[in-house]
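The structure appears right after this line, and notes come after that.
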Amino acid sequence: MKIAFFGECMVELSGQPLQRTFGGDTLNTALYLSRLGISRDLAVSYATALGVDNISLDMMESWQAECIDTSLVRKVTNKLPGLYLVETEPSGERHFHYWRNDSAAKFYFSALSSPLEQAIDEHRFDALYISGISLAILAEEAKAVLITLLDKHICNGGKVLFNNNFRPQLWTSKQAQYWYSQVLPFVDIALITENDDRKVWGNTDITERCQRFGCHEVVILRGSEPCKVATDLQSPETDTFYIAANQVDKVIDTCAAGDSFAAGYLAGRLSGGSAATAAELGHHLASIVIQYPGAIIPPEAMKELM
């Protein structure tokens, strides 16, 4: 199965002393899914825009080293990747400071036809993954282009995978509500972080809303609490259950916990596993990731899952 991700990868500065790495919600999930997918017949591509500078080149080479296809990357000559600084508390909680207003990724759909649009036209992918951040970084016209792509993709028989990641620095909850409402009718699997959902929709029923919009499956991430999974939302035989998270003695950094869970869950589901087994894999991977600093852990740390 071929899965395309659309989003933004940024330069990450973190640690003491500061070290330069890279990260971004969709890229984190794409990378972990690529690692897990090697033994599960899953192929991952990443669609974004980068500059033509050495940092952008380093990014692409690092993705290729992780077996991520970069043919959907668009080069923008006068732009650079975004930048963020991570401050981590002793508890593992982190705070982000962003410099991304003019990042290359925001201009992915600015030209006449992007590599992702061409790929969708040619039916080259089985699944397309986006997040709330994928939408938030785009201008209104580009958001509409992405929605059109989702429509075309499902008409071609493809699956749409959506993560609700919400960043209030990028847009308001009212704006997010509107665009999430445009996306959800196309979504096969929704990965919803409960805290982010409350910031957008308030204290309302997530499963009922996803069902009403037309989603087929929803996974609600609740931190260290058991995740809630609801499958077959559009049939009379909807199945709802909870899967406990793996307990960790010492949390080092919660960065990419949700992103890695998403990768584990999708690795299980897209390779034909049950939702319960997929959720267990997601929890297992996330429990490993939060014991390391930064968004991306060494491959050998998760070797038992690969």
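The values are calculated or read from the model by the stated rules, or taken from the named source; none is laboratory data. Since this is a predicted model, take the numbers as computed values, not measurements. Please note: Cβ atoms are built from the backbone with ideal geometry, for glycine as well, and neighbour counts cover all protein chains shown.
Only helices (runs of 4 or more DSSP H) wholly contained in the stretch 18-127 count here; list those with 2 or more residues that are in contact with a strand residue (DSSP E or B) (Cβ under 8 Å, 6 or more places away or on another chain) and within 24 Å of F166 (Cα to Cα). Talk me through it step by step, then tell me what you get.
Details: elements: 25-37, 54-65, 115-121.
Of the helices (runs of 4 or more DSSP H) lying wholly inside the stretch 18-127, those with at least 2 residues that are in contact with a strand residue (DSSP E or B) (Cβ under 8 Å, 6 or more places away or on another chain) and within 24 Å of F166 (Cα to Cα) span 25-37.
Looking at (1) modelled with pLDDT of 95 or more; (2) surrounded by fewer than 18 Cβ atoms within 10 Å (Cβ to Cβ); (3) out of contact with any Pro (no Cβ under 9 Å at 6 or more places or on another chain); (4) not basic (K, R), which is the only condition I68 fails?
The number of the failed condition is (2).
Name the residues in the stretch 1-44 that are basic (K, R) and without any contact (Cβ under 8 Å) to a residue 60 or more places away in the chain, would you?
To start, the set of residues in the stretch 1-44 that are basic (K, R) comprises 2, 20, 35, 40.
Matches in the stretch 1-44: R20 only.
Anything in the stretch 227-257 that is within 16 Å of M302 (Cβ to Cβ) and within 20 Å of the chain's Cα centre (by Cα)? List them, or say none. Walk me through it before giving the result.
Taking the stretch 227-257 first, the residues within 16 Å of M302 (Cβ to Cβ) are 246, 248, 252-253, 255-257.
Those that are within 16 Å of M302 (Cβ to Cβ) and within 20 Å of the chain's Cα centre (by Cα): D253, C255, A256, A257.
Scan the stretch 67-86 for residues that are in contact (Cβ under 8 Å) with a residue 60 or more places away in the chain and touching a helix residue (DSSP H, G or I) at 6+ places or on another chain (Cβ under 8 Å) and jot them down.
We begin by selecting, within the stretch 67-86, every residue in contact (Cβ under 8 Å) with a residue 60 or more places away in the chain; these are 72, 81-86.
Selection gives L72, P81, G82.
Within the stretch 2-17, work out how many residues are part of a loop (DSSP other than H, G, I, E, B) and either within 11 Å of the chain's Cα centre (by Cα) or buried (at least 16 other Cβ atoms within 10 Å of the Cβ) (or both).
Let us first name the residues in the stretch 2-17 that are part of a loop (DSSP other than H, G, I, E, B), namely 7-9, 15-17.
Restricting the remaining residues to those that are either within 11 Å of the chain's Cα centre (by Cα) or buried (at least 16 other Cβ atoms within 10 Å of the Cβ) (or both) gives 7-9.
So the count comes out to 3.
Identify, by number, the condition in (1) in a helix (DSSP H, G or I); (2) within 26 Å of A267 (Cα to Cα); (3) hydrophobic (A, V, I, L, M, F, W, C) that W179 doesn't meet.
Only one criterion in (1) in a helix (DSSP H, G or I); (2) within 26 Å of A267 (Cα to Cα); (3) hydrophobic (A, V, I, L, M, F, W, C) is unmet by W179, namely (2).
Given (1) surrounded by 17 or more Cβ atoms within 10 Å (Cβ to Cβ); (2) in a loop (DSSP other than H, G, I, E, B), where does Q291 come up short, assuming only one miss?
So Q291 meets the others, but not (1).
State which residue is surrounded by the most Cβ atoms within 10 Å (Cβ to Cβ) when the search covers only the stretch 45-56 and only residues that are more than 15 Å from I137 (Cα to Cα) and either in contact (Cβ under 8 Å) with a residue 60 or more places away in the chain or in contact with a Cys (Cβ under 9 Å, 6 or more places away or on another chain) (or both). Even if it seems obvious, please write down each step before you answer.
Initial filter on the stretch 45-56 (more than 15 Å from I137 (Cα to Cα)): 45-46, 51-56.
If we keep only those that are either in contact (Cβ under 8 Å) with a residue 60 or more places away in the chain or in contact with a Cys (Cβ under 9 Å, 6 or more places away or on another chain) (or both) too, we end up with 45-46.
On the way: S45: 24, Y46: 29.
So the residue we want is Y46.
So R198 passes all but one of these: (1) under 23 Å from V289 (Cα atoms); (2) in a helix (DSSP H, G or I); (3) of a type outside the set (A, V, I, L, M). Which condition number does it fail?
Tallying (1) under 23 Å from V289 (Cα atoms); (2) in a helix (DSSP H, G or I); (3) of a type outside the set (A, V, I, L, M), R198 fails exactly one: (1).
Do the conditions hold for F166, that is, is it touching a strand residue (DSSP E or B) at 6+ places or on another chain (Cβ under 7 Å) and surrounded by 15 or more Cβ atoms within 10 Å (Cβ to Cβ)?
Numbers: touching a strand residue (DSSP E or B) at 6+ places or on another chain (Cβ under 7 Å): no; surrounded by 15 or more Cβ atoms within 10 Å (Cβ to Cβ): yes.
Taking the combined requirement at face value, the residue does not satisfy it.
Please find, within the stretch 201-226, the residue that is nearest to the chain's Cα centre (by Cα) out of those that are closer than 30 Å to Y292 by Cβ and either of a type outside the set (V, I, T) or loosely packed, with under 12 Cβ neighbours inside 10 Å (or both).
The first filter runs over the stretch 201-226 and keeps only residues closer than 30 Å to Y292 by Cβ, leaving 206, 217-226.
Still in the running and either of a type outside the set (V, I, T) or loosely packed, with under 12 Cβ neighbours inside 10 Å (or both): 217, 221-226.
On the way: E217: 16, L221: 13, R222: 16, G223: 16, S224: 19, E225: 21, P226: 20 Å.
Filtering the stretch 201-226 for residues that are closer than 30 Å to Y292 by Cβ and either of a type outside the set (V, I, T) or loosely packed, with under 12 Cβ neighbours inside 10 Å (or both), the one nearest to the chain's Cα centre (by Cα) comes out as L221.
So, in the stretch 239-265, exactly how many residues are aliphatic (A, V, I, L, M), out of contact with any Pro (no Cβ under 7 Å at 6 or more places or on another chain) and surrounded by fewer than 18 Cβ atoms within 10 Å (Cβ to Cβ)?
Within the stretch 239-265, residues that are aliphatic (A, V, I, L, M), out of contact with any Pro (no Cβ under 7 Å at 6 or more places or on another chain) and surrounded by fewer than 18 Cβ atoms within 10 Å (Cβ to Cβ) number 2.
When the stretch 111-145 is examined, which residues are found to be touching an Asp or Glu at 6+ places or on another chain (Cβ under 9 Å) and without any contact (Cβ under 8 Å) to a residue 40 or more places away in the chain? If you could, list the steps in order and put the result at the bottom.
Of the stretch 111-145, the ones touching an Asp or Glu at 6+ places or on another chain (Cβ under 9 Å) are 113, 127, 131-134, 137, 145.
Hits for the stretch 111-145 are S113, V145.
Consider the stretch 128-183. How many of its residues are under 21 Å from G258 (Cβ atoms) and among the small types (G, A, S)?
6
Applying the selection to the stretch 244-298, what residues are of a type in the set (F, W, Y) and modelled with pLDDT of 95 or more?
F261, Y265
Can you work out which of the residues in the stretch 135-156 that are over 14 Å from I3 (Cβ atoms) and of a type outside the set (A, V, I, L, M) is nearest to the chain's Cα centre (by Cα)? Reasoning before the result, please.
First, the residues of the stretch 135-156 that are over 14 Å from I3 (Cβ atoms): 135-152, 154-156.
If we keep only those that are of a type outside the set (A, V, I, L, M) too, we end up with 140-141, 143, 148, 151-152, 155-156.
Values: E140: 20, E141: 22, K143: 17, T148: 19, D151: 19, K152: 20, C155: 22, N156: 22 Å.
Taking the candidates together, the pick is K143.
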